[in-house]
1. Quick one: which helices (runs of 4 or more DSSP H) sit completely within the stretch 105-180 and have at least 1 residues that are loosely packed, with under 15 Cβ neighbours inside 10 Å?
2. Can you confirm whether the stretch 151-164 contains a residue that is within 13 Å of the ligand (Cβ to nearest atom), in contact with a Phe, Trp or Tyr (Cβ under 6 Å, 6 or more places away or on another chain), closer than 27 Å to E43 by Cα and aliphatic (A, V, I, L, M)?
3. Quick one: would you say C138 is over 30 Å from L315 (Cβ atoms), within 16 Å of the ligand (Cβ to nearest atom), in contact with an Asp or Glu (Cβ under 7 Å, 6 or more places away or on another chain) and not assigned by TED's automatic domain parsing to the domain that holds H249?
4. Kindly list the number of the only condition in (1) within 12 Å of the ligand (Cβ to nearest atom); (2) over 16 Å from Q51 (Cα atoms) that fails for D167.
5. Hey, S120 hits all of (1) more than 16 Å from the ligand (Cβ to nearest atom); (2) farther than 25 Å from D83 by Cβ but one; which does it fall short on?
6. Quick check on my filter: what residues within the stretch 67-101 are away from the ligand (no atom under 16 Å from the Cβ) and assigned to a loop (DSSP other than H, G, I, E, B)?
7. Restrict the check to the stretch 53-62 and report whether at least one residue is over 30 Å from Y105 (Cβ atoms) and within 23 Å of the chain's Cα centre (by Cα).
8. Given (1) surrounded by fewer than 19 Cβ atoms within 10 Å (Cβ to Cβ); (2) farther than 18 Å from R121 by Cα; (3) hydroxyl-bearing (S, T, Y), where does T80 come up short, assuming only one miss?
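The values are calculated or read from the model by the stated rules, or taken from the named source; none is laboratory data. These figures come from a predicted structure and were not determined experimentally. Here the Cβ positions follow ideal geometry from the backbone for every residue, glycine too, while neighbour counts run over all protein chains shown.
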Amino acid sequence: MQENSPTTETALQDFPGRLRATIGRAAGNGGIISAAVVRHTCEALEIDVEQLMLRLVPVAAAYGVAPVSRYPVGAVARGTREDSHGYAQLYLGANMEFPGRALCYSLHAEQAAVANAWNSREPGLSSLAVSAPPCGLCRQFLHELSESRPLRVVFPDGARRDYCETDTAALLPGAFGPTDLGHKGNMMAVNDAPATLPSAIDGADPLFLDALEAARFSYAPYTGNRAGCALQLEDGSVFSGSYAENAAHNPGLSPLHAALSNMRMALGPGALPAAFTKLARCVLVESTADISQRQLLATLLSSFAADVALEYHPLRADNN
Ligand SMILES: [Zn+2]
């Protein structure tokens, strides 16, 4: 894959020199900015958290993998777990595109930021910063986070060094959502109440167990297709991701997209194309249902690691 993402160094130019190393180190830590660094930076720059989030959007975009559009996009999500000072962690995310596959396989930056926070077991988000109002797919995807508590969204306000604020209810008026299907619709709440799939199996392959753990934390209220994916590189490092489905079906997140995004955030900007050649294994665990992730994962996997076969482990539906 070709890359044209801005470098982290370029993206950090907006920060005073004394803060660049701090933010750069924090951003390299899986694209997660700790609450302590958030507080320190906000106090040093005399800005609020959402102003900081907007300044971090270009840093997030440095993780973008955009060989099709040449248009790296970043997003920054704020978790809800606050420290004693009232600050929460920030999670970076960026887009990801797959040459040779249809555009519907693309991962959007907002989805990646949510996947990053979700993978850190955040039970919710309090706001999201983006470079421009989210696209229609992301509005529907974000609507699934919590239908009863709209997500605050901020984006730059043109020439003024300030920001516009809105929320998912205003961005998606008259939305079709979980309640239309008889569900509460709180995707990240599974972090507080994971599924009762078996959490350990004697003698089981460790990578299978990683995928199973990701499946336990998946969100599949409409089909029951609990699914998790685990990737292993040749050096033994492991990255996993959970499936998230959507009331409107198409804006969901496959477990492989989530795992790839989490891997990309952990390895750092620009690492992903080379890391694809180091991929050793890809495991999918899913509970049997009327749908399956298997063909989507096999098709996507073959686009960047043609010599890696998808290892597939269905679980009987009565394990849900
Ligand atoms: Zn989008």
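1. 136-143, 168-171
2. no
3. The answer is yes for C138.
4. (1)
5. S120 satisfies every listed condition except (2).
6. Step one: of the stretch 67-101, the residues away from the ligand (no atom under 16 Å from the Cβ) are 67, 70, 78-91, 99-101.
If the condition is that a residue be away from the ligand (no atom under 16 Å from the Cβ) and assigned to a loop (DSSP other than H, G, I, E, B), then P67, R70, D83, S84, H85, G86, Y87, P99, G100, R101 are the ones that fit.
7. Of the stretch 53-62, the ones over 30 Å from Y105 (Cβ atoms) are 55.
Filter again for within 23 Å of the chain's Cα centre (by Cα), leaving 55.
Yes, because at least one residue in the stretch 53-62 is over 30 Å from Y105 (Cβ atoms) and within 23 Å of the chain's Cα centre (by Cα).
8. The number of the failed condition is (2).
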